[in-house]
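Chemist: What follows is a single structure, and I will ask about it in a moment.
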Amino acid sequence: YHDDDLPGETETVQLEIKNIPTTTVKLQEYRIDKGHSNSYEVWKAMGSPQQPNKEQIAKLEKAGQLEQTDNRNEKLNNGILKINTQLPRQGIVFYKLLW
């Protein structure tokens, strides 16, 4: 995470989760970044309206919802899940595991 709102490089993030008591999980991914779950960026793209109309409000509300960006099954190796992903500056990813 960076406090300064400046453009930056996308980073490779490696996540390892251990001691999962199964052999396969459903992995759901949700993101918040410039292109996902970000009503502020949508508002700026609209021209930053101070009094958004009904259609704009609906679009902003939709853009502010947590967006699922992936949903897949993953096989584990000895109870370990390894995830490699690209994360843009000022971005966050949330993983939900189901088994």
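Chemist: Return yes or no: is S48 more than 19 Å from the chain's Cα centre (by Cα), of a type in the set (G, A, S) and at pLDDT 95 or above?
Modeler: So S48 fits the description; yes.
Chemist: Output the residues belonging to the stretch 1-60 that are more than 23 Å from G91 (Cβ to Cβ) and among the small types (G, A, S).
Modeler: G47, A58
Chemist: Just wondering, is there one or more residues in the stretch 30-42 that are at pLDDT 95 or above, under 16 Å from T12 (Cα atoms) and among the basic types (K, R)?
Modeler: yes
Chemist: Does Q14 satisfy being open to solvent by 70 Å² or more (accessible area, probe 1.4 Å), at pLDDT 95 or above and in a loop (DSSP other than H, G, I, E, B)?
Modeler: The answer is no for Q14.
The values are calculated or read from the model by the stated rules, or taken from the named source; none is laboratory data. Quantities reported herein were computed from a predicted structural model and do not represent experimental measurements. Backbone-built Cβ (ideal geometry, glycine too); neighbour counts: all protein chains shown. Note: areas computed on protein heavy atoms with side chains; ligands, DNA, RNA excluded. Shrake-Rupley method; radii C 1.70, N 1.55, O 1.52, S 1.80 Å.
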